[in-house]
Amino acid sequence: MIRRARQAPGRQRGLASGTLLVVLLFALTAVGVVWVGMGIVTSDRWPIRWLELNGEFQRVSAEQLRASLEPGMRAMRESAMANAWVSAVHVQKHWPDTVSVTVEEYEPVAHWNRGELIARDGRAFSVPEADGIQGLPWLEGPPTRLDDVLQTWVSLNERLTPLGLEVRHLAIDDRGSWSLELTNGTRVYLGRDSTDERLARLLGSWDALMEEQDVPPRGIDLRYTNGFAVSWPRDGADETRNGS
């Protein structure tokens with residue numbers, strides 16, 4: 001007589017559990033397909049009931065921004081980007097009925113021509129009240145020279161800081177000629193060529209230039225081969241100094 005081996009009870013329970021798990025996974029997958037097919041997971045079936053608004057909100061009003069947001073994920077982003085101070089918007093849906101909107105603002109570091117500002121990331125942007133913002137330096141030049149002007153401004157400040165000076169106004173004209181105004185009120189004319197050498201000439205002579213002087217120069221013209229011209233506010237007379 002041949003006897004059939006009996007399976008151990010533990011193995012039978014393991015097989016039953018595995019089969020049940022497969023059935024459950026299949027059922028959940030089928031339900032998910034049905035939900036998508038019926039549109040249950042769309043915004044029509046699961047409307048947005050909660051809105052989370054995140055950001056620094058230094059120049060953007062959170063209340064006004066919230067009131068301006070249009071329904072719908074894409075519409076929310078577009079309506080938020082309509083604010084001139086908004087640089088980026090991130091919209092995310094949290095199931096089932098919450099949407100979070102994260103807003104990034106432009107951080108201005110300088111004026112750019114008229115009606116525009118330069119953000120910390122180097123981009124130019126326009127806001128209605130741009131020209132009225134105080135405490136920012138003015139940079140001017142052709143629109144295509146924005147990067148050059150920005151880099152020159154940073155470089156000049158790095159070289160002027162040891163003297164306790166900074167650039168208040170920097171400009172380049174259509175011919176490529178540079179001029180600037182320092183925070184002490186001195187106007188400096190660099191010209192088009194050899195600007196680094198000309199500035200080095202001034203920086204090297206600054207201490208000697210300011211000896212026994214109560215006020216800074218009104219203007220300094222560096223567009224000379226071996227020297228520069230200085231005008232003082234007390235009498236407006238120009239004086240030519242040899243560079244070192």
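The values are calculated or read from the model by the stated rules, or taken from the named source; none is laboratory data. What you see is a predicted model; the values in this text were computed from it and never measured. In this analysis, Cβ positions are derived from the backbone assuming ideal geometry, glycine residues included, and neighbour counts consider all displayed protein chains. Note: areas computed on protein heavy atoms with side chains; ligands, DNA, RNA excluded. Shrake-Rupley method; radii C 1.70, N 1.55, O 1.52, S 1.80 Å.
Laid out as a table, the results:
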quantity	calculated
Val109 surrounded by 16 or more Cβ atoms within 10 Å (Cβ to Cβ), over 14 Å from the mean Cα position of the chain (by Cα) and either at negative phi or not in a strand (DSSP E or B) (or both)	no
In region 146-176, residue most open to solvent (accessible area, probe 1.4 Å) [restricted to those that are of a type in the set (Asp, Glu) and assigned to a helix (DSSP H, G or I)]	Glu158
Residue in region 70-85 that is open to solvent by 50 Å² or more (accessible area, probe 1.4 Å), in contact with a helix residue (DSSP H, G or I) (Cβ under 6 Å, 6 or more places away or on another chain), at pLDDT 55 or above and more than 30 Å from Leu139 (Cα to Cα) present	yes
Subset tally (residues that are at pLDDT 95 or above, β-branched (Val, Ile, Thr) and part of a loop (DSSP other than H, G, I, E, B)) for region 185-229	1
Where Ser126 falls short, out of the listed (1) touching a residue at least 12 places away in the same chain (Cβ under 8 Å); (2) out of contact with any Gly (no Cβ under 6 Å at 6 or more places or on another chain); (3) of a type in the set (S, T, N, Q); (4) closer than 30 Å to Trp153 by Cβ	(2)
Close pairs from region 76-101: first touching a residue at least 40 places away in the same chain (Cβ under 8 Å) and under 30 Å from Glu116 (Cβ atoms), partner among the aromatic types (Phe, Trp, Tyr) and open to solvent by 20 Å² or more (accessible area, probe 1.4 Å), Cβ under 7 Å, at least 6 apart	Trp85/Tyr106
So Pro137, is it of a type outside the set (Gly, Ala, Ser), more than 17 Å from Ser179 (Cβ to Cβ), buried (at least 16 other Cβ atoms within 10 Å of the Cβ) and in contact (Cβ under 8 Å) with a residue 24 or more places away in the chain	no
Candidates Ala88, Ala124 - the one that is at pLDDT 95 or above, of a type outside the set (Lys, Arg) and more than 20 Å from Val167 (Cα to Cα)	Ala88
Selection count, region 81-97, where residues are in contact with a strand residue (DSSP E or B) (Cβ under 9 Å, 6 or more places away or on another chain) and farther than 17 Å from Pro128 by Cα	8
Filtered residues of region 86-106 (kept if assigned to a strand (DSSP E or B), open to solvent by less than 70 Å² (accessible area, probe 1.4 Å) and either among the hydrophobic types (A, V, I, L, M, F, W, C) or within 30 Å of Trp138 (Cβ to Cβ) (or both))	Val86, Ser87, Ala88, Val89, Val91, Val99, Val101, Val103, Glu105
Residue in region 199-213 that is of a type outside the set (Asp, Glu), buried (at least 18 other Cβ atoms within 10 Å of the Cβ), touching a strand residue (DSSP E or B) at 6+ places or on another chain (Cβ under 7 Å) and over 23 Å from Trp232 (Cβ atoms) present	no
